[in-house]
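Below is one structure, written out as structure tokens; comments come after it.
The values are calculated or read from the model by the stated rules, or taken from the named source; none is laboratory data. Please read all numbers here as calculations on a predicted model, not as lab measurements. Glycine also receives a Cβ, built like all others from the backbone with ideal geometry; neighbour counts cover every protein chain displayed. Keep in mind that these areas ignore ligands, DNA and RNA; they rest on the heavy atoms of the full protein, side chains included. Shrake-Rupley method; radii C 1.70, N 1.55, O 1.52, S 1.80 Å.
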Amino acid sequence: MSKKRKWDDDYVRYWFTCTTEVDGTQRPQCVLCNSIFSNADLRPSKLSDHFNRQHGGVGGHDLNSLKHMPAHSDQNETLKAFGVASHEDALLQASYQFAYLCAKEKNPHTIAEKLVKPCALEIAQIVLGPDAQKKLQQVPLSDDVIHSRIDEMSQDILQQVLEDIKASPLKVGVQLAETTDMDDCSQLMAFVRYVKEREIIEEFLFCEPLQLTMKGIDVFNLFRDFFWKHKIALDVCGSVCTDGASSMLGENSEFVACVKKEVPHIVITHCLLNPHELVTKTLPAKLRDALFTVVRVVNFIKGRAPNHRVFQAFFEEIGIEYSVLLFHTEMRWLSRGQILTHVFEMYEEIDQFLHHQSSNLVDGFENKEFKIHLAYLADLFKHLNELSASMQRTGMNTVSAREKLSAFVRKFPFWLKRIEKRNFTNFPFLEEIIVSDNEAVCIATDITLHLQQLSNFFHGYFSIGDLDEASKWILDPFLFNLDFVDDGYLMKNDLAELRASGQILMEFETMKLEDFWCAQFTAFPNLAKTALEILIPFATTYLCELGFSSLLHFKTKSRSCFNMSDDIRVAISKKVPRFSDIIEQKLQLQQKSLYHIWNSSCNWSHRLIKLTVIHSPSPDPSTCTEQTECCHLDSATLGSHQPHCSQ
């Protein structure tokens, strides 16, 4: 029989206590992680190794030095130094990290408890063994836990954004858009753009439901209350870009009137992203009828399940690429251009299908004039799609967006001149089907009238135009002619000084325009402020459109009652939660009772040295020594270890 090792009170210095088996064998137990070791490990080298490796311990540290407890502000650092929080810290870290990934991937909260954790435990059991499985089992991943973790991370991210807004040297830009989710609940989403250090930041601000009515005043109240709730004055907003119904978010809406009444200096812009609606409103009667015929044909095929199935089977049989048509939607204008292109390219096959189904739409669809108008519309909306796609990016400012719109409208005179000469090069689908001069004359007249009217509407609706000559230095301060600047202009001297710097010229050539002016805040604050006040406002509601796409993942039939405001913030935001701060706050709350006990003990280190607890099968009270006064230590320190005493 091997020799049994004996417990020594000096082993307490490694944060171990002793448990005694029925046969009298003494085994060391760590008071930090509750791990119980064999009798063979009852020696200083083994105990010290566990303390240092598992709990980041300070080798050879004497517990008598803990008589003088640190101030409250230093208590967390003390815990970290002695490894008290290391085990729980790891569990919390793992829980928060999974909740973060769950929100980022837009998964339901129950996936952790029902799928991920069982899989992880099985993998740990097979690959790493039962000890690793026991450790993983302790990671809290229940539905309620994941929900609370995401809420805490969301609040931390929001706090970061609000701190940035308050610290921004310039007024911020906001974009607002409204949509209706699957529960017919109107959701208002907002993003914010502000200056932080040497760059312009775009961040998610909020997504909140409109509870009752969806009027402009309701949108304004929700918008204003968000800033008031977080103790930020509404005049921090320098511009607002909106998109939606004219009565709710249009330039002449009640919302705009309320905002301008509250913040007179604010700049209101309308989203430049979707000019398709304007094009549709300016269509002559014949072209509008052709567009509506396409819509009816598509809805005939897609709106009836039997027709759709037969349509797919029909196209598979004849080997055509497009077997699925897109639905026409009023709010997602890119689909309209794609529909027209698909219908034109599948014209013959769709015509056969309508005949096969004996549809009353056949007569209008087979009309030669309709096909010519369809070709023109497909070409025109394809141009509009390309224009919209060029503005669908982050960082799009009003200057760049208006330049793209202006360049598009400036093409109209060239198109008109070519059309007058019966040259349809800019409309390839139309050029493909025009076979007679009579057809060319008829469609040329319709196109000419439409493009002329469209050009006028573009200039009036979007206020298309370049910057005035005196402000064009914002786009290129080095090539700008200073003669256009009045001698009384206070910043003319700053412009001359900036142009003389070769280093600043190198920065201008290598940086984005917005970042360049942010970098000049220190050297040329007046120039930078003037430039950024023009570059900060949003030109589109593209970020809100992306947010609405994410909203579809959160609001499903199985999660219809789900309040996804916090989840969508964690999923969309570029900010990363400050995990260490969140965990530290949680650990401080959990260890609060422990600190009260420590601070109230005048000689607690003496008690801890007498921490040895003798377990005995005998009910004799004499077997429970005075050393059991250590039981008064908080269970947060001793873990699940509870000394047994017959008394």
Exactly one of 122, 163 is open to solvent by 70 Å² or more (accessible area, probe 1.4 Å), in a helix (DSSP H, G or I) and under 19 Å from residue 581 (Cβ atoms), and that residue is 163
Give me a count of the residues in region 398-415 that are in contact with a helix residue (DSSP H, G or I) (Cβ under 8 Å, 6 or more places away or on another chain) and over 20 Å from residue 276 (Cα atoms). 1
Examine region 421-429 for a residue that is more than 18 Å from residue 275 (Cβ to Cβ) and open to solvent by less than 30 Å² (accessible area, probe 1.4 Å), and state whether such a residue exists. yes
One residue from 170, 128 being open to solvent by less than 70 Å² (accessible area, probe 1.4 Å) and either in contact with a helix residue (DSSP H, G or I) (Cβ under 9 Å, 6 or more places away or on another chain) or free of Cβ contacts under 8 Å to residues at least 40 places away in the same chain (or both): 170
Out of region 5-16, which residues are touching a helix residue (DSSP H, G or I) at 6+ places or on another chain (Cβ under 7 Å), assigned to a loop (DSSP other than H, G, I, E, B) and open to solvent by 30 Å² or more (accessible area, probe 1.4 Å)? 5
For region 17-35, check the following and say yes or no: at least one residue is more than 26 Å from residue 587 (Cβ to Cβ), open to solvent by 50 Å² or more (accessible area, probe 1.4 Å), at pLDDT 80 or above and not aromatic (Phe, Trp, Tyr). yes
Just one listed residue, out of 241, 207, is crowded, with 21+ Cβ neighbours inside 10 Å, under 18 Å from residue 565 (Cβ atoms), modelled with pLDDT under 95 and touching a Ser or Thr at 6+ places or on another chain (Cβ under 6 Å), and it is 207
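Yes or no, residue by residue, for (1) over 30 Å from residue 459 (Cα atoms); (2) out of contact with any helix residue (DSSP H, G or I) (no Cβ under 9 Å at 6 or more places or on another chain); (3) modelled with pLDDT under 90:
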residue	(1), (2), (3)
345	yes, no, yes
348	yes, yes, yes
357	yes, no, yes
363	yes, yes, yes
370	no, no, no
376	no, no, no
Residue set 281, 302, 286; condition surrounded by fewer than 17 Cβ atoms within 10 Å (Cβ to Cβ), at pLDDT 70 or above and more than 29 Å from residue 424 (Cβ to Cβ); output residue 302
Restrict the check to region 254-268 and report whether at least one residue is out of contact with any His (no Cβ under 9 Å at 6 or more places or on another chain), of a type in the set (A, V, I, L, M, F, W, C), part of a helix (DSSP H, G or I) and surrounded by fewer than 17 Cβ atoms within 10 Å (Cβ to Cβ). yes
Residue selected from region 487-516 under the condition without any contact (Cβ under 8 Å) to a residue 24 or more places away in the chain and among the aromatic types (Phe, Trp, Tyr), by the criterion surrounded by the fewest Cβ atoms within 10 Å (Cβ to Cβ): 489
What is the residue count in region 1-30 for residues that are out of contact with any Ser or Thr (no Cβ under 8 Å at 6 or more places or on another chain) and over 17 Å from residue 51 (Cα atoms)? 11
Quick check on region 372-386. Is at least one of its residues among the charged types (D, E, K, R), within 43 Å of the chain's Cα centre (by Cα) and more than 30 Å from residue 537 (Cβ to Cβ)? yes
For region 555-600 the number of residues that are at pLDDT 80 or above, under 30 Å from residue 183 (Cα atoms) and of a type in the set (A, V, I, L, M, F, W, C) is 5
Give, as residue ranges, the helices (runs of 4 or more DSSP H) completely inside region 388-485 that count at least 2 residues that are within 37 Å of the chain's Cα centre (by Cα) and within 30 Å of residue 508 (Cβ to Cβ). 398-409
Exactly one of 109, 147 is open to solvent by 20 Å² or more (accessible area, probe 1.4 Å), touching a residue at least 12 places away in the same chain (Cβ under 8 Å) and over 30 Å from residue 521 (Cβ atoms), and that one is 147
